[in-house]
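Working notes for the structure below.
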Amino acid sequence: MPSNAPTIAELLAGCTRSAVHLELRDHYGTPEEAEDFDAWLRTGQLDTDPRSPDWAPWVDLVSQTVARGVSVRRARVISEPASDYIRYEHASTVVNVHAGEQVSWLPRHLASGIVLPDNDFWLFDEQLIRWGYFDSSGARLGHEISEDVADAKLCSEAFEAVWALAVPHDQYQIH
């Protein structure tokens, strides 16, 4: 699986107008979150300190990007009732918002009329796509960059359609 894509930090550094991220999975099995997720399942405790070593690099990156005038939006299409992982994500999203991201949630049943790509993506300045590939357990398989005009149009339209129906994070009640 391709994984030679530039990092999100590199792509955000080159971004001038907008960066949007569409998440479509109900579970991600990323190694860097495993310990924190397991601890949250056991204790209900979660690191939401934007200055903590786990969060500070992301908070700094997004804050600097937004300060340059780039809009950073994240939409999550989720099943209800929410999986434990989505509950965990919802609880930690306060840090994304603190950093300057706009985050919204769309229950999957409301997305039925939207044409969605099969994979998560970041779309930078409506033209550069960073596809994210995951296996059935949510483990990251790799990433791939595309500048295909038709795919960028699909991603932009899909994201905007989701965004128009989604509920802003501060208003979304997890079910």
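The values are calculated or read from the model by the stated rules, or taken from the named source; none is laboratory data. Remember, it's a predicted structure, so these values are computed and weren't measured experimentally. Here Cβ is always computed from backbone atoms with ideal geometry, including for glycine, and neighbour counts include all displayed protein chains.
Some notes on this structure:
- Test: residue in region 39-59 that is closer than 23 Å to residue 165 by Cβ, modelled with pLDDT of 95 or more and touching a helix residue (DSSP H, G or I) at 6+ places or on another chain (Cβ under 8 Å): no
- Residues that are without any contact (Cβ under 8 Å) to a residue 40 or more places away in the chain and not aliphatic (A, V, I, L, M) within region 136-155 comprise 136, 146, 147, 148, 151, 153, listed in sequence order.
- Candidate set: region 79-90, residues that are within 12 Å of the chain's Cα centre (by Cα) and more than 16 Å from residue 137 (Cα to Cα); chosen: the one surrounded by the fewest Cβ atoms within 10 Å (Cβ to Cβ): 90
- Top-ranked residue in region 20-78 [being of a type in the set (Ser, Thr, Tyr) and surrounded by 15 or more Cβ atoms within 10 Å (Cβ to Cβ); ranked as nearest to residue 141 (Cα to Cα)]: 28
- Just one of the listed residues (96, 119) is farther than 21 Å from residue 34 by Cβ, among the polar types (S, T, N, Q) and modelled with pLDDT of 95 or more, and it is 119.
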